[in-house]
Amino acid sequence: MAPVAQRLFRIKPADMIVAEGGHGEGGELRRTMTLWQLTLFSVGATLGTGIFVILGQAVPKAGPAVVASFVLAAITALFSALSYAELAGTIPVSGSSYSYAYATLGELVAWVCGWCLMLEYAVSVAAVAVGWGEYLNRFFHDLLGWRLPASVTHSPGDQGGVFNLTAILIVLLATWLLMRGTSESATANVIFVMLKIAVLAFFCSVAFTAFNTGNLTPFAPLGVAGVTAAASQVFFSYIGFDAASTAGDEARNPKRDLPLAIVFSLVIVTVVYVAVALAAVGAMPWQQFNPGTTEAGLALIANQATGSTWAGVIISFGAVVAIASVVLTVMYGQTRILFAMSRDGLIPKIFQRVDPRRQVPVANTLIVALFISVLAGFIPLGQLAEATSIGTLFAFAIVNIGVLVLRRTRPDLPRSFRTPFFPVTPVLGVVLCVIVMLGLAGITWLAFTIWMLAGLLAYFLYGYRNSRLNRSVR
Ligand SMILES: NC(=[NH2+])NCCC[C@H](N)C(=O)O
C-alpha cells in the first residue's frame with residue numbers, strides 16, 4: 001500500500017480519463033451534441049432565477065450601479081471561463097472541474113472539487129426551483145387574481161411558509177424528462193432557451209418605454225462597496241456557462257466544441273444581463289426595489305411600466321416555462337458529475353449504472369432528485385443562492401490553478417484552446433474568485449465550512465479506500 005500522502009495526491013492520467021469517457025455499467029452514453037446544442041445547453045443552464053429574481057434583490061445594495069455589478073461579475077466569470085475552456089479542450093470528458101482536478105492536482109483536490117460541484121449543481125437547482133415557484137405564483141396572481149397559499153410556496157418560517165411545494169413540483173417534472181433520455185432533453189432545451197431570450201427581450205422593450213434617465217442618477221448611491229457587494233450576489237446568475245463541460249462524453253466533437261461553447265455562452269448571457277439590468281433600473285427608481293417584496297421582480301416592473309397586468313402575465317408565463325429549462329439542464333449536469341465520480345470509485349457504484357434500454361443513469365437521477373427536493377422545499381432562495389456561489393467560486397479557483405499546474409506538468413498534451421496572456425489570466429482568475437467569495441455572508445461561510453468538513457469525512461470513510469486508482473498505485 002502506498003504511503004498516505006502519495007495516495008491523496010495520486011493523479012489520474014489525462015489520457016486515461018479521455019480514454020474511458022462515457023462508459024458506465026450496462027451501457028454507454030451517446031455522442032449526439034453539436035456545438036450549437038452545447039452552447040445553448042450552457043446558456044440554458046445559466047439564464048434563470050438569477051436574472052429573473054436575484055437582480056431585484058441586488059438593486060438595493062448598489063442602486064442603478066447594479067449594471068456595473070453585472071459587468072464586474074461577468075469579468076470574474078470570464079477569467080475562469082478561459083481556464084475552463086483550456087481544460088475542456090485538453091481533457092474533453094464529462095465531469096467538468098472534477099475531472100480536470102483529478103488530472104492535475106490529484107485525487108483529494110478532485111474530491112473537494114466534486115463536492116463543491118454539488119453546491120454548484122444540486123444546490124443551485126434547488127435555488128432555481130424556488131425562483132420558478134415565485135413566477136408560477138405571480139402568473140396565477142396576474143392572470144386570475146388568485147395565488148397559491150403561502151404555506152406551500154415558501155420555505156418554513158418565511159412569510160408563513162410550511163414547505164415549498166411549488167419548487168418541488170418543477171424538480172419532479174425535470175426528473176421525468178431526464179429519465180426519457182438526453183438527446184430529447186437537449187432538443188427541448190433549444191426551444192426553452194429561445195423562449196427565455198424572447199421573454200427577456202420583451203421585458204426590455206416594455207421597460208425601455210418607461211425608461212427615465214433621471215432614475216440612473218445618482219448612479220452609485222452606495223459607492224464602490226455597494227457595487228462589489230451586489231456583484232457577489234449577482235455572480236449566481238452567471239453560474240452555468242461551464243455546463244457544457246459536464247457533457248463532454250456526449251459531445252460529437254468535444255475538443256473543438258467545448259471551449260467554444262463555454263466562451264460563447266458567457267458572452268451571450270452577459271449581453272442579455274446588462275441589457276435587462278439597465279432596462280430594470282431605468283424603468284423603476286432604485287429605492288422602490290425592496291429586498292422583502294421583489295418576488296418575481298421582472299414581472300412587477302413590467303406591470304408598473306405598462307400600468308396593467310398583461311405584461312406581467314406574459315413575462316411570468318415565459319419565466320415559468322423558461323426557468324424550467326435551467327432545472328432540467330443543471331440536474332442533468334449533476335447526474336453526469338456523479339457518474340464520473342462513481343466510475344472512479346469515489347462514490348458508490350449505483351451512480352454509474354446505466355439503464356441499457358434508455359441509456360440513462362436512472363438510479364443516479366432519482367437520488368439526485370430526492371436530495372434537491374428536500375433543499376428546495378425547506379431552504380429560502382437567498383441562502384441557497386449564496387451556498388451555490390461560494391462552492392462554485394471555490395471550484396472555479398481550483399480550475400484556474402489546474403491550468404497553471406497542467407501547463408507545467410504536461411506541456412506535451414495537445415490543447416485545442418490556450419488561455420491568452422498565460423499565466424496572468426489564470427492567476428487573476430483565482431484572485432477574483434477569492435474577492436467575490438469574500439463578499440458573501442458569514443452564515444454562508446459557516447455552511448460552506450461544515451459542508452467541506454462533511455465532504456472530507458466522506459472521502460476518508462469511502463473514496464480513499466474504494467478509489468479505482470488503488471489498483472494501480474501500490
Ligand atoms: N450549475 C448551474 N448552472 N447552476 C445554475 C445556476 C443558476 C443560474 N445561473 C440562474 O441564474 O438561475
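Where a ≥ b ≥ c are the square roots of the eigenvalues of the C-alpha gyration tensor, would you call region 184-286 rounded, which needs a/c under 1.5, or, failing that, prolate if a/b is larger than b/c, or oblate?
oblate
Subtract the Cα-Cα distance of MET179 and PHE422 from 0.36 nm times their separation in residues, and report this length gain in nm to one decimal. Before the final figure, lay out each step's value.
Details: separation 243, 0.36 × 243 = 87.48 nm, distance 4.18 nm.
Extra length available between MET179 and PHE422 comes to 83.3 nm.
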Stretched out fully, how many nm does the piece from SER151 to ASP412 gain, at 0.36 nm a residue minus the Cα gap? 88.1 nm
Could you give the angle, 0 to 90 degrees to the nearest 10, between helix 254-283's Cα long axis and the longest principal axis of the Cα atoms of the chain? 20
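By its C-alpha gyration tensor, with a ≥ b ≥ c as the square roots of the eigenvalues, how is region 67-124 shaped: rounded for a/c under 1.5, else prolate for a/b larger than b/c, else oblate?
oblate
Could you put LEU366, LEU260 in order of accessible surface area, largest first, with the 1.4 Å probe and the full protein assembly present? Don't skip to the answer; put the middle values down first.
Working: LEU366 90, LEU260 65 Å².
Correct descending sequence by accessible area is LEU366, LEU260.
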Which length gain, in nm to one decimal place, applies between THR306 and ARG31 when the Cα-Cα distance is subtracted from 0.36 nm times their residue separation? 94.3 nm
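Ranked highest first by the average count of other Cβ atoms within 10 Å around their residues, in what order do 456-463, 149-156, 369-376 fall? Spell out each step's value before the answer.
Working: 456-463: 15.0, 149-156: 17.9, 369-376: 21.2.
With the highest mean Cβ count within 10 Å placed first, the list reads 369-376, 149-156, 456-463.
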When all protein chains stay in place, what accessible area (Å², nearest 10, 1.4 Å probe) is found for MET33? 0
Quick check: Cα centre of region 233-257 to Cα centre of region 31-67, how many Å? 13
Hey, what number do you get for the chain at 222 nm if only DSSP H runs of n ≥ 4 count, each worth -39500 (n - 2.57), divided across all residues, to the nearest 500? -21500 deg cm²/dmol
Rounded, prolate or oblate: which fits the chain when a ≥ b ≥ c are the square roots of the eigenvalues of the alpha-carbon gyration tensor, with rounded for a/c under 1.5 and prolate only if a/b beats b/c? prolate
Under a Cβ-Cβ cut-off of 11 Å, what is the net charge of the residues other than PRO423 that fall near it, where Lys and Arg count +1 and Asp and Glu count -1? +2
Separation of the ASP158 and LEU453 label points, Cα + 7 Å toward Cβ, nm: 2.6
Cα-projected label distance for THR213 with ALA225, points at 7 Å along beta-carbon direction, nm: 3.1
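Around ALA395, under 13 Å between beta carbons, what's the net of Lys plus Arg minus Asp minus Glu among the other residues?
Details: positive: none; negative: GLU120, ASP242.
That sum, taken over residues with Cβ under 13 Å, equals -2.
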Cβ-defined net charge surrounding VAL109, 12 Å radius [Lys, Arg +1; Asp, Glu -1]: +1
Cross-link partners among lysines for LYS349, C-alpha distance below 29 Å, same-chain residues fewer than 8 apart left out? LYS12, LYS255
Taking only the alpha carbons of region 21-140, what extent do you get along each of the three principal axes, in Å, biggest first? 47, 34, 30
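Go through 194-202, 309-317 and give me the packing order, highest mean Cβ count within 10 Å leading.
Working: 194-202: 18.2, 309-317: 21.6.
My ranking of the peptides, most packed first, is 309-317, 194-202.
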Where a label projected 7 Å from the Cα of ARG468 along Cα→Cβ would reach, residues of region 104-136 with amide N under 19 Å: 104-115
Relative contact order of region 379-435 (C-alpha contacts under 8 Å, at least 6 apart) in percent is 53
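Mind giving me the FRET efficiency for ALA19 and VAL321? R0 is 30 Å, r the Cβ-Cβ distance, nearest 0.05 is fine.
Working: r = 40 Å, r/R0 = 1.34.
In this case the efficiency is close to 0.15.
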The simple spin-label model distance between VAL271 and ASN253, using points 7 Å out along Cα→Cβ, in nm, is 2.2
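Ranked from the most accessible area to the least, with a 1.4 Å probe and all protein chains present, what is the order of LYS349, LYS61? It would help to have the intermediate numbers written out before the result.
Details: LYS349 120, LYS61 80 Å².
In descending accessible area the options line up as LYS349, LYS61.
The values are calculated or read from the model by the stated rules, or taken from the named source; none is laboratory data. Only a predicted model underlies this, so the values are computations on that prediction, with no experimental measurement involved. Quick reminder, even Gly has a Cβ in these numbers, built from the backbone with ideal geometry, and neighbours come from all protein chains shown. Accessible surface is based on the protein model in full, side chains and every heavy atom, while ligands, DNA and RNA are left aside. Shrake-Rupley method; radii C 1.70, N 1.55, O 1.52, S 1.80 Å.
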